[in-house]
Amino acid sequence: MHRREFIKKTAITGAICLTPSFLNASSTPTIKEGLAVYELRWSFDLSHHSTKECSLWVPLPSDINGFQRIIELGNTTNAESHFESDHNLCGARTFYVHWEKSAVSKTLEITMSIALRDRQCDFRPKRICPETLEKAREFLAPSAHIPTNGAVAKVAKSIVGGEKNPLKKARKIYDWIVANSYRDESVQGCGVGSPNAMLATLEKEGRMGGKCLDMSALCVALMRASAIPAREVMGIRLGASRLSPAFGAGEDNTKAQHCKVEFFIPNMGWIPCDPADITKLVLKEGIDKNSPRARELANKFFGFWENNWMALNHARDFNLYPANTQGTLDSFGYPYGEVDGEYLDPFDPRNYRYTFHSLRGVL
């Protein structure tokens, strides 16, 4: 079966009060607000597994208030079964595809148009819906990979001290991550996202090496331990950054996955930040983390996401739908596939045979 489907999103006016950023849509951004439009093409070919049963789960983006809007989403596939769903604990939007053993060709192409604008927090008080406050509190709880006790609780207490203001506590934690971590290029993908492993390395070596999921997970764990709701946000860079090539440089996005953070302040809502990219800036530009440029961007990235990065989900420690053979996923920033129930390594896209490409549109 060969089928093409398009889902078109229409503009929705802003809500009276703020809701969690992955659960609502806002008015389509305008050009004067820093709009960037990208055309994406994600291609998968599992035809080399011609005599095997193949299943594929692909993370999809959602509309995010004040940051990203899905204009058009489509797919072309010859799979016997395929559908979109967010039926999982984290509400992670997913495209599922299944090919039987008899299928000689096993291909999928996902295309989309997405509008993005800089997400900049002004740190001014806002009226927050009671249901938003209640939902945010869910992101105080520990999970399999996000502990809030033991070493995490001890370090969090040493960082925030007697500070009571939640925004100031969040900033202390953010600054501490930047000051005590470095980007380790030997780490595979985005890292494993284990706060305890990061802190053990810090205790042993005096500093912590890792990638974006490692630093983001530690930031989230320390914030939760300090009574600040927080979560990692998995995503992908779509094009060149106007701030630095370290934050995005090309149209081939196959290995451009990147994890950021957002935390919740009761009278401000969800606030974006990105401590991991400061360590990448330091490495790629060969500058000192205490240099004026690094300090300037560290200040900017507390409350900021640039419009060349697309968010996918905040899913961690959850089960896919329909259920996969290998069980609970740690995170969902990469496509997940199984061949006859065996896990496909998403960090090896050449053998996996998938490519991600984007093209920035002309406004």
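The values are calculated or read from the model by the stated rules, or taken from the named source; none is laboratory data. Note that the structure is a prediction, hence the values are computed from the model and not measured. Methodologically, a virtual Cβ is constructed for each residue, glycine included, from the backbone with ideal geometry; neighbour enumeration extends over all protein chains shown. Note: accessible area is taken over every heavy atom of the protein model, side chains too, but ligands, DNA and RNA are not part of it. Shrake-Rupley method; radii C 1.70, N 1.55, O 1.52, S 1.80 Å.
Which condition number does residue 126 fail, the rest of (1) charged (D, E, K, R); (2) open to solvent by 70 Å² or more (accessible area, probe 1.4 Å); (3) out of contact with any strand residue (DSSP E or B) (no Cβ under 8 Å at 6 or more places or on another chain) being met?
(3)
Among the residues of the range 162-201 satisfying the criterion of being free of Cβ contacts under 8 Å to residues at least 40 places away in the same chain and out of contact with any Asp or Glu (no Cβ under 9 Å at 6 or more places or on another chain), which is nearest to residue 329 (Cα to Cα)?
The extreme case among them is 186.
Residue 111: open to solvent by less than 20 Å² (accessible area, probe 1.4 Å), at pLDDT 95 or above and of a type in the set (S, T, N, Q), yes or no? First the steps, then the outcome.
Numbers: open to solvent by less than 20 Å² (accessible area, probe 1.4 Å): yes; at pLDDT 95 or above: yes; of a type in the set (S, T, N, Q): yes.
Yes; evaluated as a whole, the condition is true for this residue.
Suppose we filter the range 199-211 for residues that are assigned to a strand (DSSP E or B) and open to solvent by 10 Å² or more (accessible area, probe 1.4 Å); how many remain? Give the steps one after another, and end with the answer.
So in the range 199-211, the residues assigned to a strand (DSSP E or B) come out as 208-210.
Those left that are additionally open to solvent by 10 Å² or more (accessible area, probe 1.4 Å): 209.
Counting residues in the range 199-211 that are assigned to a strand (DSSP E or B) and open to solvent by 10 Å² or more (accessible area, probe 1.4 Å) gives 1.
Within the range 268-281, can one find any residue that is in a strand (DSSP E or B), surrounded by 15 or more Cβ atoms within 10 Å (Cβ to Cβ), on the phi > 0 side of the Ramachandran plot and touching a strand residue (DSSP E or B) at 6+ places or on another chain (Cβ under 9 Å)?
The answer is yes; a qualifying residue exists.
Given 138, 163, 185, which one is in a helix (DSSP H, G or I), open to solvent by 40 Å² or more (accessible area, probe 1.4 Å) and of a type outside the set (Val, Ile, Thr)? Step through it out loud before you land on a result.
Working: 163 fails: in a helix (DSSP H, G or I); 185 fails: in a helix (DSSP H, G or I).
Of the residues listed, the single one that is in a helix (DSSP H, G or I), open to solvent by 40 Å² or more (accessible area, probe 1.4 Å) and of a type outside the set (Val, Ile, Thr) is 138.
Can you tell me which residue is nearest to residue 96 (Cα to Cα) among those in the range 52-85 that are in contact with a Leu (Cβ under 6 Å, 6 or more places away or on another chain) and in a strand (DSSP E or B)?
Looking only at the range 52-85, we keep the residues that are in contact with a Leu (Cβ under 6 Å, 6 or more places away or on another chain), and these are 54, 57, 59, 61, 68, 77.
Subset that is in a strand (DSSP E or B): 54, 57, 59, 68, 77.
Details: 54: 11, 57: 5, 59: 9, 68: 23, 77: 11 Å.
Restricting to residues being in contact with a Leu (Cβ under 6 Å, 6 or more places away or on another chain) and in a strand (DSSP E or B), the top hit is 57.
Count, please, the residues in the range 200-245 that happen to be within 23 Å of residue 141 (Cβ to Cβ), polar (S, T, N, Q) and under 21 Å from the mean Cα position of the chain (by Cα).
So the count comes out to 1.
May I ask you to verify whether residue 261 is closer than 19 Å to residue 210 by Cα, open to solvent by 20 Å² or more (accessible area, probe 1.4 Å) and either modelled with pLDDT of 95 or more or in a helix (DSSP H, G or I) (or both)?
Working: closer than 19 Å to residue 210 by Cα: yes; open to solvent by 20 Å² or more (accessible area, probe 1.4 Å): no; either modelled with pLDDT of 95 or more or in a helix (DSSP H, G or I) (or both): yes.
So residue 261 fails the test.
Criterion first (in contact with a Leu (Cβ under 7 Å, 6 or more places away or on another chain) and either touching a residue at least 24 places away in the same chain (Cβ under 8 Å) or of a type in the set (Phe, Trp, Tyr) (or both)) does residue 264 satisfy it? Break it down stepwise before answering.
Details: in contact with a Leu (Cβ under 7 Å, 6 or more places away or on another chain): no; either touching a residue at least 24 places away in the same chain (Cβ under 8 Å) or of a type in the set (Phe, Trp, Tyr) (or both): yes.
No.
Can you list residue pairs whose Cβ atoms sit under 7 Å apart, with the first residue in the range 74-93 being at pLDDT 95 or above and β-branched (Val, Ile, Thr) and the second being buried (at least 17 other Cβ atoms within 10 Å of the Cβ) and assigned to a strand (DSSP E or B)? Count only pairs 6 or more apart in sequence or on different chains.
Cβ pairs passing all conditions: 77/97; 77/107; 77/108.
Would you pick out the residues in the range 212-244 that are in contact with a Lys or Arg (Cβ under 7 Å, 6 or more places away or on another chain) and either open to solvent by 20 Å² or more (accessible area, probe 1.4 Å) or not in a loop (DSSP other than H, G, I, E, B) (or both)?
216, 220, 230, 232, 233, 235
Could you check residue 254 against (1) part of a loop (DSSP other than H, G, I, E, B); (2) buried (at least 24 other Cβ atoms within 10 Å of the Cβ) and say which number it fails?
(2)
Is it fair to say residue 319 is within 30 Å of residue 123 (Cβ to Cβ), surrounded by 13 or more Cβ atoms within 10 Å (Cβ to Cβ) and polar (S, T, N, Q)? So that I can check it myself, show each step before the final result.
On the way: within 30 Å of residue 123 (Cβ to Cβ): no; surrounded by 13 or more Cβ atoms within 10 Å (Cβ to Cβ): yes; polar (S, T, N, Q): yes.
For residue 319, the condition - within 30 Å of residue 123 (Cβ to Cβ), surrounded by 13 or more Cβ atoms within 10 Å (Cβ to Cβ) and polar (S, T, N, Q) - is not met.
What tally of residues in the range 322-360 results from selecting those that are among the small types (Gly, Ala, Ser), over 15 Å from residue 190 (Cα atoms) and either open to solvent by less than 30 Å² (accessible area, probe 1.4 Å) or within 21 Å of the chain's Cα centre (by Cα) (or both)? Full working, then the answer.
Residues of the range 322-360 that are among the small types (Gly, Ala, Ser), as a first pass: 323, 327, 331, 333, 337, 341, 358.
Pick out the ones that are also over 15 Å from residue 190 (Cα atoms) and you get 323, 327, 337, 341, 358.
Filter once more, keeping what is either open to solvent by less than 30 Å² (accessible area, probe 1.4 Å) or within 21 Å of the chain's Cα centre (by Cα) (or both): 327, 337, 341, 358.
The qualifying residues number 4.
Per-residue answers, yes or no, for (1) in contact (Cβ under 8 Å) with a residue 24 or more places away in the chain; (2) part of a loop (DSSP other than H, G, I, E, B); (3) under 18 Å from residue 234 (Cα atoms); (4) not polar (S, T, N, Q):
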| position | (1), (2), (3), (4) |
| --- | --- |
| 312 | yes, no, yes, yes |
| 330 | yes, no, yes, yes |
| 347 | yes, yes, yes, yes |
| 356 | yes, no, yes, yes |
| 359 | yes, no, no, yes |
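Yes/no per residue for (1) of a type in the set (Val, Ile, Thr); (2) closer than 30 Å to residue 46 by Cα; (3) at pLDDT 95 or above; (4) in contact with a strand residue (DSSP E or B) (Cβ under 7 Å, 6 or more places away or on another chain):
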{"position": "296", "(1), (2), (3), (4)": "no, no, yes, no"}
{"position": "302", "(1), (2), (3), (4)": "no, no, yes, yes"}
{"position": "305", "(1), (2), (3), (4)": "no, no, yes, yes"}
{"position": "309", "(1), (2), (3), (4)": "no, yes, yes, yes"}
{"position": "313", "(1), (2), (3), (4)": "no, yes, yes, yes"}
{"position": "335", "(1), (2), (3), (4)": "no, yes, yes, yes"}
{"position": "350", "(1), (2), (3), (4)": "no, yes, no, no"}
{"position": "357", "(1), (2), (3), (4)": "no, yes, yes, yes"}
{"position": "363", "(1), (2), (3), (4)": "no, no, no, yes"}
